[in-house]
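I have placed the structure first, in the form of structure tokens, so that the comments after it can refer back to it.
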Amino acid sequence: MRKLISFSILTGSVLICLYPFVWMFMSSFKTNREIYQPTLLFPEDFEMDSYLSLFSEQYLPFYSFFVNSLFISGLQALLATLVTAGTAFAFAKYSFRGKAFLFGVAILVILIPKQALAVPLFDWMLWLGLQGNGWSLILPGIASGLGIVFFTQVFRKVPNELLELARVEGFSILRTFLLILPLVVPALVTYGLLHFILSWQEHLLPLLLLDDENTTLPIALAKLKDSSHRIPESVGMAAATLSLLPVVVLFALCFRKMKTALVKLALS
């Protein structure tokens, strides 16, 4: 009976969480009249007109925005993972002057909301001549206090004997770091995925820092909302559904590695 109750509660929770996504996917095949009936889940006819309109770029250059979002989010996640992992390795395994202060700064970066940094970032990118292109998002996104704190906890669990062995063999700090990286692959995959998702769903900074032709997909989706209803609502639903594909695919590919890293971190 206890297992039955637990299974029922879990199943109900999953259905409640999945319903908005299922409704969005089904709405990509509906007409405007059907979409304006929220209790109607399935369309009368499964028509592909909304997807064909997106692929033909009738209403917006969907491919361009999609690829731009993949480039910005993917490169930002990759660089942030490498940089924060290297920084955390130094925090976890070495002692140096100002270590406590710098680690406090990393925590402070997590606590400061992005809204407070938006205007200084805009001025900084304008001064560097990067305002308007994708690098104005990639470079600030590399500095992640969350990544430093996360990887510091991960590297503290790496045995110090490995560092002593590397020092005896005459390895440099960089080579020692590269030697240890394969041991923390699940943590690298986990943080890389989380950073990609956060970057993919970012709205404020792309809206402020990017030009219209270089904008990301989540911002471009707003252009599909037309007060005159010239653009069918199903087109927006189709675009929103396709925008979830990279996150879903990456999560499916990285789930086992991410699960391993989170379990080890929880047990530690």
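Quick query: amide H of I231 versus all other amide H atoms, modeled in the peptide plane; which residues come in under 5 Å with a sequence gap of 5 or more or a different chain? For I231, the qualifying residues are D226.
How many percent of the accessible area of the chain is carbon or sulfur, using a 1.4 Å probe? Walk me through the numbers before you get to the answer.
Working: 11280 of 16040 Å².
C and S atoms contribute 70 percent here.
Size of region 1-149 from its Cα atoms: along the principal axes, largest to smallest, the extents are 68, 56, 25 Å.
Our coupling estimate for region 69-74, obtained by passing each phi through the Karplus curve with A = 6.51, B = -1.76, C = 1.60 and θ = phi - 60°, is 5, 4, 5, 5, 5, x Hz, Gly and Pro reported as x. If you find the alpha carbon centre of region 57-104 and of region 208-255, how far apart are they in angstrom? First find each Cα centre; the distance between them is then 22 Å.
A 1.4 Å probe run over the protein chains yields, for the chain, 60 Å² of accessible area per residue, whole-number rounding.
Taking only DSSP H segments of four or more residues, each worth -39500 (n - 2.57), what value at 222 nm results for the chain once the sum is divided by all its residues, to the nearest 500 deg cm²/dmol? If you can, show how the numbers build up before the last one.
Numbers: 15 runs with 193 residues, N = 268.
The per-residue figure over the chain is -23000 deg cm²/dmol.
Whole percent per 10 Å bin, from 0 to the bin with the longest distance: what is P(r) over all C-alpha pairs of the chain? Computed distribution, short to long bins: 6, 22, 26, 23, 15, 6, 2, 0. Between the amide H of Q131 and those of L126, distances stay under 5 Å, these residues lying 5 or more places away or on another chain, with hydrogens modeled in the peptide plane. Just to confirm the number: angle between the C-alpha axis of helix 145-155 and the first principal axis of the chain, 0 to 90 degrees, nearest 10? Once rounded, one gets 50 degrees. Remark: region 15-29, residue by residue, has Karplus-estimated 3J(HN,Hα) of 5, 5, 6, 7, 4, x, 6, 5, 5, 5, 5, 5, 5, 5, 10 Hz, where x stands for each Gly or Pro and the curve is 6.51 cos²θ - 1.76 cosθ + 1.60 at θ = phi - 60°. Along region 181-188 the Karplus relation, 6.51 cos²θ - 1.76 cosθ + 1.60 evaluated at θ = phi - 60°, assigns HN-Hα couplings of 3, x, 6, 10, 4, x, 5, 4 Hz to successive residues, with x for each Gly and Pro.
About the Cα centre of the chain, how large is the charge dipole given +1 on each Lys and Arg Cβ and -1 on each Asp and Glu Cβ? Please answer in debye to the nearest 20.
That gives the chain a dipole magnitude of about 1480 debye.
The values are calculated or read from the model by the stated rules, or taken from the named source; none is laboratory data. Just so it is clear, the model here is predicted, and its values are computed rather than measured. When we count neighbours, we look across all protein chains shown, and the Cβ atoms used for this are built from the backbone with ideal geometry, even at glycine. Side chains are part of the model used for accessible areas, which takes the heavy atoms of the whole protein and leaves out ligands, DNA and RNA. Shrake-Rupley method; radii C 1.70, N 1.55, O 1.52, S 1.80 Å.
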